[in-house]
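I have placed the structure first, in the form of structure tokens, so that the comments after it can refer back to it.
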Amino acid sequence: MRRVVVTEFLTLDGVYEDSTAWQQAYHPDDGQFKFDELFESDALLLGRVTYQEFAAYWPTQQGKNAFADRMNSLPKYVASRTLNTVQWNASLLERDGVEAVQQLKEQDGQNILVYGSGTLAHWLFQHGLVDELRLMIFPVVRGSGKRLFSDGNKIPLHLMSTRELGDGVLLLTYTPNRERT
């Protein structure tokens, strides 16, 4: 049985996206974590926006390094209500996304990695489809922007591990605490 792993970059105040670049350059420890995370997975599950950004960028990096080659070769599953076709080794999820993700999870294999895709992450949590949440917390406060968890979301979590990466970035790993829902 495969696991759905959501991985997000966040500010200290919970912002994952805003109109300005807030992320600092990768420290080698950050890069190694992302490398390992990608190679522990055998599929990507992406929302429309992340898919379009990745599909525009990663094919231009083919052959430049092992990370880019792995990113390009993995099968991708895209959750979208507006796209009719996808490329870049990708497939659109069926209209009943819950059933489609459950079927992916029931297959043998490695993790199904959800990069970014905040809207998709919300939806996956709402339907009990997330098995692990990995937050890279960057030492910056934005004050505004899209937050991973908005008002009214109640998602009990169990802290599995903490790890300091480079330049003050913390990696927090959680699993849903289904007993407290």
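The values are calculated or read from the model by the stated rules, or taken from the named source; none is laboratory data. What you are looking at is a predicted structure, and each value in this text was computed from that prediction instead of being measured. So basically every Cβ, Gly included, is an ideal-geometry build from the backbone, and we count neighbours across all protein chains shown.
A quick yes/no check of all residues on (1) of a type in the set (Gly, Ala, Ser); (2) out of contact with any helix residue (DSSP H, G or I) (no Cβ under 9 Å at 6 or more places or on another chain); (3) more than 19 Å from residue 79 (Cβ to Cβ); (4) modelled with pLDDT of 95 or more:
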site: 3; (1), (2), (3), (4): no, no, no, yes
site: 8; (1), (2), (3), (4): no, no, no, no
site: 11; (1), (2), (3), (4): no, yes, yes, no
site: 49; (1), (2), (3), (4): no, no, no, no
site: 53; (1), (2), (3), (4): no, yes, no, no
site: 61; (1), (2), (3), (4): no, no, yes, no
Condition check for residue 105: within 21 Å of residue 132 (Cβ to Cβ) and either surrounded by 14 or more Cβ atoms within 10 Å (Cβ to Cβ) or not hydrophobic (A, V, I, L, M, F, W, C) (or both): yes
Unmet criterion (only one of (1) out of contact with any helix residue (DSSP H, G or I) (no Cβ under 7 Å at 6 or more places or on another chain); (2) farther than 20 Å from residue 161 by Cβ; (3) surrounded by fewer than 20 Cβ atoms within 10 Å (Cβ to Cβ); (4) not β-branched (Val, Ile, Thr)) for residue 110: (2)
Of all residues making up region 138-154, the number that are closer than 26 Å to residue 128 by Cβ, aliphatic (A, V, I, L, M) and surrounded by fewer than 16 Cβ atoms within 10 Å (Cβ to Cβ): 0
